[in-house]
1. Give a residue-ordered list of calculated ³J(HN,Hα) values for segment 76-93 (Karplus: 6.51 cos²θ - 1.76 cosθ + 1.60, θ = phi - 60°; whole Hz; x for Gly, Pro).
2. Just for the chain, what percent of DSSP beta bridges are antiparallel, to the closest 5?
3. Which order results if Leu144, Leu83, Leu167 are arranged by neighbouring Cβ count within 10 Å, fewest first?
4. Using θ = phi - 60° and the Karplus form 6.51 cos²θ - 1.76 cosθ + 1.60, what ³J(HN,Hα) does each residue of segment 123-140 get, whole Hz, x for Gly and Pro?
5. What residue among Leu61, Phe23, Leu167 has its Cα farthest toward the positive end of the dipole of the chain, where the charges are +1 on Lys, Arg and -1 on Asp, Glu, each on the Cβ?
6. Ordered by residue, what ³J(HN,Hα) values in Hz, to whole numbers, does segment 160-165 give under the Karplus form 6.51 cos²θ - 1.76 cosθ + 1.60, where θ = phi - 60° and Gly and Pro are x?
7. Over the Cα atoms of segment 5-61, compute the convex hull volume and normalise it per residue, giving Å³.
8. Would you mind pulling out the separation of the Cα centroids of segment 164-181 and segment 62-76, in Å?
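What follows draws every value from the coordinates through simple rules; no lab data is involved. Please read these numbers as outputs of a predicted model, since none were measured by experiment. In this analysis, Cβ positions are derived from the backbone assuming ideal geometry, glycine residues included, and neighbour counts consider all displayed protein chains.
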Amino acid sequence: MSIEGLKIGFALTGSSCNFSKVFPVIEDLANKGADIYPIISHAVDSFDTRFGTAEEWKNKLENITGKELIKTITEAEPIGPKLKLNVIVVAPCTGNTTAKLANGITDTSVTMACKAQLRNQMPIVLAIATNDGLGANAKNIGLLLNSKNVYFVPFGQDDVINKPNSLVAKFDKIGETIESAIIGRQLQPVILNTQ
């Protein structure tokens, strides 16, 4: 399957330490001809961190996609009835967003975009990055793994000694995961040895 011409919602949440791995993927998808609609959480919109300022990341995202950012619930709601995306990717998908998606909580632009997409029975792809993936969020990941139209970018533990509960997606597998999700298949293996 070709990425060219796909309408992809690309949503970023607050794991800014992973942005340097995610932005090359967004650029690659754009270079392959994907029509990318950028969606950002409040954290991405507002927080300056040691990994860069909110303005720097937002400007870079708008430059790559050529589109205005979707950053409020009201801006995200029309994704369901009007925009008709082929897929929404959430990368990085924090534990906070994972928990909200698993429990049907729609209180951010990203969760609203995902709800709107799932309403149309269309796929969402989650690239998790959470320090409690094998802790408090394990049950939420389990729920989402068993949910219709939800697909995971393969993931694994990123630091078994210092952060034994932490799980992070292999962001370089986002493209492959999109291609599989479009045809209704989970890219395998889901759980990787990332050490």
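1. Along segment 76-93, the couplings run 7, 4, x, 4, x, x, 10, 6, 6, 6, 6, 7, 10, 10, 10, 8, x, 9 Hz.
2. Values: 6 of 25 bridges.
Roughly 25 percent of the beta bridges in the chain run antiparallel, per DSSP.
3. Sorted ascending by nearby Cβ count, the order is Leu83, Leu144, Leu167.
4. Rounded to whole hertz, the list is x, 10, 10, 10, 10, 6, 8, 9, 6, 10, x, 9, x, 4, 8, 4, 5, 5.
5. After comparing all options, I get Leu167.
6. Per residue, the Karplus-derived 3J(HN,Hα) values read 5, 7, 8, 9, x, 8 Hz.
7. 64 Å³
8. So the separation of the two Cα centres works out to 23 Å.
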